[in-house]
Structures are given as structure tokens and as C-alpha cells.
């Protein structure tokens, strides 16, 4: 698209959470530029196939591919995604033009605190990572699938049990009053990019990239890029429960094999300095190799 005054078109999923994220980005881009932003709603495989576990229909990527396609085929100029849904391999023809400032990255329990859950209580979650992390602390717990939008999931809290959610999702919808316990990131390592929104545009669209760059948060970008380097080394086809989170110049990592009842975790020191960013990316890649070898 040229530099005319036509609105920029922003592709997004239509869930309440996705729309809230998209509107924040749209308002921010419009506020500092000369063009308005209109939303283009896209339905994804993850939205359609709510009858199946995420890992059985493609896992990471099921919420982004159709949104990316809308940008590539010209129906939209840029797209927003929850960064944790974005595969580590970039889609050909697209670039990540911005990582917005990260909101709270923690996972939370809704329905009960961890200590208050009785022996053998049921916890609902569609995330294999969250299940593996909770099972490592409470092997007595029983786990069931949980899919759907925020309101649907909140309506499916098991009797005497709990559900696990991302605090950032509840924050943007102003529903944090539903939280019973915030889980510490040191033990319950978040998904790579959790709490951050990634903004993509076509690699050859410098006009849109320039407009979107106004919402890029450099400190968040550096941290999420390190987390994504860890994930990329594991491979885009990795179906194991994975967590990776940078906090206070440390990379917290987690990898599990639920079938073998094995899990490994570590904390790796980073420089955190802009001049050493490439070294921190290499450190993250090495951490992935180490964890994979330790998991066996």
C-alpha cells in the first residue's frame, strides 16, 4: 500500500481477548501516524476446531496461519498475534515489525489455590506445558482438556478443582478479580513470548513497517527474541512441553517428556546488554541443546 490516507488494515482473530489486543495496537498506531486503522476479522483453525486438543491439530501456529495469510494475500496490511502463539520459524514474506511492551507473563489458577486443591483434584488446561509443570509439583492431580474463549473457559471450572490461564489475558479484559493464585515464573515457567503481542507485516512493505515500529518496545523485543532463540533451537516441530522466559537478565527454561515422567529446568545468566544481544541469543540456543540432552 502506498503513502495515501487510506486506513491501514489490521488482521486479527475475533475473540474478545484478540480484539482487545488488536484495538490497543490499532489505537497506538493511529495516534502517532496520519492514517486510521481498521480491523479485519479472521477465523483460524484454532478457533474452528474447539472440539480437539491443541496439540492434536498442530499446536503452536493454529491461531496464526490464517491471520498471516490475510496479510500475505493483501486483505490486510499487518496482523497481531499473542506472541506465544507465533512459531519460531517466521512465515516466508513476513517480518515481525513490533513486539509490544509485555504485560504480566504469569500463569494463574482460577477456582482454587494450589495448596487448597484436594488429593486427586481436577485441573483443566489445554496446555501440555502447564499440565507438566503442575504435575511435577502435584503428581496426584487429575488433568482434563480445556478449550474455548475466556468466558467459556471460566464457565468450565471443575467442581473442587481449578483452571489454569494466562494472567495477561485476564488483565486486558479487566477480569483479574477471578484470579485465586498467581503462579511464580521461577517454578511455572511461562510459554515463550507470553504476555506480549507480536505485530507482523509483509517484509517488503516499508510504509506499514514504519507505522507499526512506533509500538515496538525495545526491551521486550530483546527479551522475547532470546526466548524465541531457545525455542527455535528445539525445533519448530517440537511437541514437548516447553517454557522459556527472560526476567532480570536471566533465562528461565523448562522442558518435559510427560510419557516418561521426566522434566528438566534451569536458569541461565544473560548479559542483558544491547551490545551483547547476539551473545545472549547464542546462550539461549545452547541452553536448548543442553536441556534436550539432559532430558535424554
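Please treat every number below as a calculation from the coordinates, not as lab data. Nothing here was measured: the structure is a model prediction, and the numbers come from that model. We place every Cβ from the backbone using ideal geometry, glycine too, and count neighbours over all the protein chains shown.
Test of understanding: in a Gaussian network model of the chain with alpha carbons linked when under 10 Å, which of 97, 275, 211 would top the mean-square fluctuation ranking?
Of 97, 275, 211, the most mobile in the Gaussian network model is 275.
Note the full-extension length gain between residue 269 and residue 154 as 0.36 nm times their separation in residues minus their Cα-Cα distance, in nm to one decimal.
The span from residue 269 to residue 154 would gain 37.7 nm if fully extended.
Tilt of helix 16-32 relative to the longest C-alpha principal axis of the chain, in degrees (0 to 90, nearest 10)?
Compared with the principal axis, the helix lies near 40 degrees.
By how many nm would the segment from residue 24 to residue 186 lengthen if fully extended, with 0.36 nm per residue of separation less the alpha-carbon distance?
55.4 nm
Could you work out how far apart the two model spin labels at residue 217 and residue 293 are, taking each label as a point 7 Å from the Cα in the direction of the beta carbon, and quote it in nm?
If labels sit at residue 217 and residue 293, their model points lie 3.6 nm apart.
Any chance you could give the angle, 0 to 90 degrees and rounded to 10, that helix 218-234 forms with the longest Cα principal axis of the chain?
Approximately 60 degrees, to the nearest ten.
Can you give me the Rg/Rh ratio for the range 107-182, using Cα atoms for both radii and the Kirkwood formula for Rh?
My calculation puts Rg/Rh at 0.93.
Compute the acute angle (0 to 90°) between the alpha-carbon long axis of helix 128-137 and the principal axis of greatest extent of the alpha-carbon atoms of the chain; round to the nearest 10°.
30
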